[in-house]
Amino acid sequence: MTYQEQRAWSDRHLEQARNILRKNAHLLLTFPIADEEKDMKQATDMMIDAGAGSIALRFRHGTTFRDLTIRTHSYYGGKTEIDKLREGYAKWYLYMWFDCDEDCDGKNCTPVDYLLVDVDKLRMTEVLNDSYIKPKEIVNKDGETSFYPIDLHDIVDCIVDTTLNLND
């Protein structure tokens, strides 16, 4: 599947992702007090700062698995998700599960579950280290790509919002 095909497929769920992010806007926004200059000369007492960083999105269809999977090897040998996360990209990770199949139109398919992860906290755990990954890594059927599943109980302190009950 080409990048354009993958992007078109995932773009079908952007409005559902936006709704979850709106619900969590209190995490993504800060409200600093204006400095003296702005207060006295610009009628500004408080600011809105939306510089909360970038958001990685992942949509999974038709699976009962509730784990976070991270791609570790690519068919084309390029940088993968694990590389990008390790390099400091993405501040937030919104992961959504759908009960419809991948061919759904996106409008009639709503997420069954989701979680919002603070990736800075995730980077401080062991789950992005090779010693954690290698024993759990799974090679896809194509033999060229691989990923590893992260048990959500291992990252519960990194999850800032979810529909899942992680107390089991």
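The values are calculated or read from the model by the stated rules, or taken from the named source; none is laboratory data. Small disclaimer: the values here were computed from a predicted structure and weren't measured. Using ideal geometry, Cβ is built from the backbone for each residue, glycine included, and neighbour counts are taken over all protein chains shown.
Among the listed residues VAL156, VAL160, which satisfies the condition of being under 24 Å from LYS23 (Cβ atoms) and without any contact (Cβ under 8 Å) to a residue 24 or more places away in the chain?
VAL156
Out of ASP142, ASP151, I need the residue that is over 13 Å from the mean Cα position of the chain (by Cα), touching a residue at least 60 places away in the same chain (Cβ under 8 Å) and under 27 Å from GLY53 (Cα atoms). Which one?
Step by step, each of ASP142, ASP151 is checked, and only ASP151 is over 13 Å from the mean Cα position of the chain (by Cα), touching a residue at least 60 places away in the same chain (Cβ under 8 Å) and under 27 Å from GLY53 (Cα atoms).
Given the conditions (1) at pLDDT below 90; (2) within 27 Å of ASP154 (Cβ to Cβ); (3) loosely packed, with under 12 Cβ neighbours inside 10 Å, and given that GLU87 satisfies all but one, which numbered condition is not satisfied?
(1)
Sort through LEU166, LEU68 and tell me the only one that's among the aliphatic types (A, V, I, L, M), surrounded by 12 or more Cβ atoms within 10 Å (Cβ to Cβ) and touching a residue at least 24 places away in the same chain (Cβ under 8 Å).
Only one candidate qualifies: LEU68.
Can you tell me which residues in segment 12-43 are farther than 30 Å from LEU164 by Cα, of a type in the set (A, V, I, L, M) and in a loop (DSSP other than H, G, I, E, B)?
ALA34, ALA43, listed by residue number.
Looking at segment 99-106, can you tell me whether even one residue there is under 20 Å from ARG7 (Cα atoms) and in contact with a helix residue (DSSP H, G or I) (Cβ under 6 Å, 6 or more places away or on another chain)?
Scanning segment 99-106, I find no residue that is under 20 Å from ARG7 (Cα atoms) and in contact with a helix residue (DSSP H, G or I) (Cβ under 6 Å, 6 or more places away or on another chain), so the answer is no.
Checking the structure you have, find out if any residue of segment 154-166 is in contact with a His (Cβ under 6 Å, 6 or more places away or on another chain) and closer than 26 Å to ARG12 by Cα.
No, the conditions are met nowhere in segment 154-166.
If SER74 meets every condition in (1) more than 27 Å from PRO149 (Cα to Cα); (2) surrounded by 12 or more Cβ atoms within 10 Å (Cβ to Cβ); (3) out of contact with any Phe, Trp or Tyr (no Cβ under 8 Å at 6 or more places or on another chain) apart from one, which number is that one?
Exception for SER74: condition (1).
Would you check which residues across segment 6-52 are small (Gly, Ala, Ser), free of Cβ contacts under 8 Å to residues at least 40 places away in the same chain and surrounded by 13 or more Cβ atoms within 10 Å (Cβ to Cβ) and list them?
Matches in segment 6-52: ALA34 only.
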